[in-house]
Amino acid sequence: MKKFFNILILLIILNGNAYADKILKSGYLIPTENWEDDIKIDETFKLSNVKDKIVVIYNHGSDSMDHKTKNCAWVNQLRNFATLAGDEINNKEIMVYLNCQGHLEGDLGATISNIKYFTSKWDGPYPGVSKMDRRVQGNLELVKKFVNMGIPKNQIIITGHSCGGWATLLFTAKYMKEVGGGIALMPACNYIISKKMKVKKVGIEKALNKFRKNYPGIAKLREKHIKIMKDGNAPILIFTHPMDHYEGLTSDWMDDVPNFKRIVISNNKKINGKKCKVSGKNYTETLKKAHIIDYADCFLFYHPTIKKYIASRIE
């Protein structure tokens with residue numbers, strides 16, 4: 001029963017506040033001037049004056065690692081990127097495109113339940129094509145559509161939160177030549193490793209050994225992905241937080257990848273001394289989970305860093 005409860009918690013917090021309003025369709029985020037403004041989506045795909053546009057493809061988190069879902073993103077997840085949309089870099093307008101991929105499913109997910117995926121000790125390797133693989137390929141197809149529209153490759157930036165951040169790392173490792181850059185936000189898609197394996201108490205090595213023992217299939221898939229990311233050595237920007245229950249304390253391997261630029265966000269739930277809050281459509285609350293600190297208003301502090309990175313990639 002305790003294990004079942006843990007799985008339910010996992011499904012909720014990977015994608016943020018369970019009570020936030022859902023956004024269910026792909027489209028451009030309509031720019032907002034204030035962080036608290038309504039979040040709206042323009043489902044029209046076409047763009048005018050394409051040479052003067054920077055397209056940021058946003059990949060949402062997931063409440064299922066390998067199974068299809070009806071969900072896409074939440075209002076609170078999109079607030080910071082809605083304020084970034086409409087800004088200009090070198091006289092080019094930033095367009096943020098929400099890439100909904102909840103409908104995708106992995107070959108293993110199609111055969112076992114979501115709960116069994118985290119409780120059964122399948123040894124790996126992964127049997128077929130995973131949902132993460134399909135997310136990466138879906139991004140490649142979307143990038144090609146933008147290129148065919150006339151957007152220069154170097155003016156396309158891949159980004160994403162949690163599983164979307166993990167997809168960003170994998171995509172840029174494989175297809176960096178197809179885009180200008182990548183920004184990974186709290187990249188994780190492999191269980192609540194930092195917290196459940198007690199990394200802070202026992203250390204990374206012992207925690208990962210326990211993870212391999214308890215979840216050998218997931219551990220092998222994670223290690224395979226990390227090797228791809230290391231070998232890809234893509235020049236990307238990454239944000240992590242040591243209090244993130246997922247990969248917060250298991251992300252130091254990123255510091256050994258020469259082209260990675262990782263920013264570790266504080267050791268608390270403040271950024272630059274400012275307390276963080278998140279907001280849905282009809283609620284605002286103090287940030288409770290470090291995993292979603294990139295949703296919070298305090299994360300606006302990093303917008304100049306993000307814009308500087310984008311500027312360096314589109315030159």
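The values are calculated or read from the model by the stated rules, or taken from the named source; none is laboratory data. Keep in mind it's a predicted model, so treat the numbers as computed, not measured. Positions of Cβ are backbone-derived with ideal geometry, glycine not excepted, and every protein chain shown enters the neighbour counts. SASA here: full protein model, heavy atoms, side chains in, ligands and nucleic acids out. Shrake-Rupley method; radii C 1.70, N 1.55, O 1.52, S 1.80 Å.
Annotations for the structure displayed:
- With all protein chains modelled, accessible area of SER266 [1.4 Å, Å²]: 40 Å²
- Rounded to the nearest 0.05, the FRET efficiency derived from the C-beta distance between THR119 and LYS230 at R0 = 30 Å is 0.50.
- The share of alpha-carbon pairs in the chain lying farther apart than 30 Å comes to 28%.
- Global geometry of region 102-164, whether rounded, prolate or oblate, following the gyration tensor of its Cα atoms and the 1.5 cut on a/c: prolate
- Applied to region 218-226, the Karplus parametrisation 6.51 cos²θ - 1.76 cosθ + 1.60 on θ = phi - 60° returns per-residue 3J(HN,Hα) values of 5, 4, 5, 5, 4, 5, 5, 4, 4 Hz, with x for Gly and Pro.
- Three-way shape label, region 146-226, alpha-carbon gyration tensor, a/c 1.5: prolate
- Across the alpha-carbon atoms of region 264-315, the computed radius of gyration and Dmax are 12.8, 40 angstrom.
- Distance from the alpha carbon centroid of region 206-242 to that of region 277-315 works out to 24 angstrom.
- For SER26, nonlocal amide neighbours, meaning residues 5 or more places apart or on other chains whose placed amide H falls under 5 Å from its own, are CYS100.
- Within-13-Å neighbourhood charge of PHE299 [Cβ basis; K, R +1; D, E -1]: +4
- The relative contact order of region 89-205 comes to 20 percent, based on Cα pairs under 8 Å that sit 6 or more residues apart.
- Taking all protein chains together and a 1.4 Å probe, the residues LYS70, LYS195 rank LYS70, LYS195 from largest to smallest accessible area.
- Derived scalar couplings ³J(HN,Hα) [region 106-113; Karplus, 6.51 cos²θ - 1.76 cosθ + 1.60; whole Hz; x for Gly, Pro]: x, 5, 6, x, 6, 10, 10, 6
- Karplus-derived HN-Hα couplings along region 136-143 (A = 6.51, B = -1.76, C = 1.60, θ = phi - 60°), whole Hz, x at Gly and Pro: 4, 5, x, 5, 4, 4, 5, 4
- Exposure of LYS277 as accessible area (Å², to 10), given a probe of 1.4 Å and all protein chains: 70 Å²
- Near the amide H of TRP74, within less than 5 Å, lie the amide hydrogens of ILE23, all on another chain or at least 5 residues away, with H placed in the peptide plane.
- With DNA, RNA and ligands ignored, accessible area of ASP87 (1.4 Å probe; Å², nearest 10): 50 Å²
- Of LYS116/LYS195; LYS275/LYS307; LYS40/LYS70; LYS145/LYS270; LYS40/LYS196; LYS206/LYS230, pairs whose Cα-Cα distance is over 27 Å: LYS145/LYS270; LYS40/LYS196
- Around the amide H of ILE89, modelled in the peptide plane, lie the amide H atoms of ILE94, all under 5 Å away and 5 or more residues distant in sequence or on another chain.
- Each of THR172, THR286, THR69 has its accessible area taken with a 1.4 Å probe; listed largest first, they run THR286, THR69, THR172.
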